[in-house]
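In what follows, a structure is listed as structure tokens, so that the remarks can point back to it.
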Amino acid sequence: MSRKGLKPFALTKSRARRIWLRAQRLDESAPFGDGPGATRAAVEHLGYVQIDTINVIERCHHQILYTRIPGYQRDHLRQAQTIDKTVFEYWTHALSYVPTRDMRFYIGAMREHWQSRSTWFTAVKKEDLRRVLALIRKQGALTIRDIDDDVLVEKDHAWASRKPSKRALQLAFYRGVVTVSQRTGMLKTYELMSRHFGWERPPKRASETEVMNYLLDRALRSQGVVSVDSACYLDARRKPAMRRLIEARLRRKELLPVEIEGAGTLQHWVRPETLDATFDAAHESVHILSPFDPLVHQRKRLHLFFDYQHRFEAYVPRDKRLFGYFAQPVLVGNEIVAVVDLKTDRERRKLLVQRWNWVSNRSRRLRKKRIEEALHRFERFQLAR
């Protein structure tokens, strides 16, 4: 049957994986080039790069970029955020770096949906919010350490702060009144959004229809093969509208249905030209992947495509861990072949492999050597000053 027919096109897992890896730019050595501009290009292509506070090894936002930009330097992200202002921080499925060019698709969330981000915002008093905003207007950008006269309060949530000013800054951040203008480690500097970007007025808010098209286009660009779940990850309220949008594009023949082996009733779609792509099966890049990498954090999708079930075990009791505290999947070509639990010993300036688990029985000897070479490169990046 023609691809344009109603019957889904059969897609093997191997080909589905290669399409996803191509979309993630993990099948090329330097897909975004080099230098500071590569960081902007990578964030714009991926749509977001997740931020995380765990510092057992390199923080995930730096590792995600390094994985796709071999010459990446941490200062490139600082330049993009603080100097060039081509990326900003906001919430996607988690706190992330997002392209500034996409700002208007987040204005609605800043104005309406921030209440759902955290229950502890209800404890922010209006006078605390007015106070921190007045400080920033008068004194310029500041960090929470610059506010030393807080009267500490009791926590009402495990992740809440005892400092009223910190809660007020977080609320102002989610409302889009302030933005993170700079990070030093994980210390955030807050600045008025309008002053940081030099706006007289913010970008025009995208309509909900425009937001839905943006989310679908972002998923198609960075995932290649999409489902309703993958396009609306952790955003269940938008799933009915996403399905309607996909059906409308199907009618216009802008998308084709595909059936991935083992997916059961879970439906997937691709752009027609995606099925015509060719791949070099002989080229096998090696990548050490953060647990928060876009290829990994959607666990069910990862399991379907790669037959590998990742476990994030940082919060699992030691005696119940299978892979280790901060285990990282190792991608060789289009297969996850091993999982390594890594830790950086900064005093001795070494990257420690605390546990190595094979999850593939194919060509272990040759692959072990290539993985060790990749680990040595990663160690040099980790310890670069």
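The values are calculated or read from the model by the stated rules, or taken from the named source; none is laboratory data. In this text, all values refer to a predicted model and were calculated from it rather than measured experimentally. Here the Cβ positions follow ideal geometry from the backbone for every residue, glycine too, while neighbour counts run over all protein chains shown. Surface accessibility is based on the protein's heavy atoms, side chains included, excluding ligands, DNA and RNA. Shrake-Rupley method; radii C 1.70, N 1.55, O 1.52, S 1.80 Å.
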If we keep only residues of the range 138-163 that are open to solvent by 20 Å² or more (accessible area, probe 1.4 Å) and among the hydrophobic types (A, V, I, L, M, F, W, C), then the residue modelled with the highest pLDDT is ALA141
Of the residues in the range 309-343, those that are surrounded by fewer than 18 Cβ atoms within 10 Å (Cβ to Cβ), hydroxyl-bearing (Ser, Thr, Tyr) and in contact (Cβ under 8 Å) with a residue 40 or more places away in the chain number 0
Contact list, first residue from the range 244-265 and closer than 18 Å to LEU11 by Cβ and in contact (Cβ under 8 Å) with a residue 40 or more places away in the chain, second anywhere and of a type in the set (Phe, Trp, Tyr) and not in a strand (DSSP E or B), beta-carbon distance below 8 Å, six or more apart or interchain, is ILE260/PHE305
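Considering only residues of the range 233-243 that are free of Cβ contacts under 8 Å to residues at least 24 places away in the same chain and farther than 13 Å from GLU208 by Cβ, which is most open to solvent (accessible area, probe 1.4 Å)?
Only one residue tops the list, namely ARG243.
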How many residues of the range 33-87 are of a type in the set (Ser, Thr, Tyr) and at pLDDT below 95? The answer is 1
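Here's the yes/no breakdown for (1) out of contact with any Lys or Arg (no Cβ under 7 Å at 6 or more places or on another chain); (2) modelled with pLDDT under 95; (3) closer than 30 Å to PHE305 by Cβ:
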position	(1), (2), (3)
SER165	yes, yes, no
SER181	yes, no, no
SER194	yes, no, no
GLY198	yes, no, no
GLU210	yes, no, yes
ASN213	yes, no, yes
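Quick one: in the range 198-230, of everything that is open to solvent by 50 Å² or more (accessible area, probe 1.4 Å) and assigned to a loop (DSSP other than H, G, I, E, B), which residue is farthest from LYS13 (Cα to Cα)? Show your work before the answer.
Of the residues in the range 198-230, the ones open to solvent by 50 Å² or more (accessible area, probe 1.4 Å) are 198-202, 204-205, 207-210, 217, 221, 229.
From what is left, the residues that are assigned to a loop (DSSP other than H, G, I, E, B) are 198-202, 204-205, 207.
On the way: GLY198: 48, TRP199: 47, GLU200: 50, ARG201: 48, PRO202: 44, LYS204: 41, ARG205: 39, SER207: 36 Å.
Only one residue tops the list, namely GLU200.
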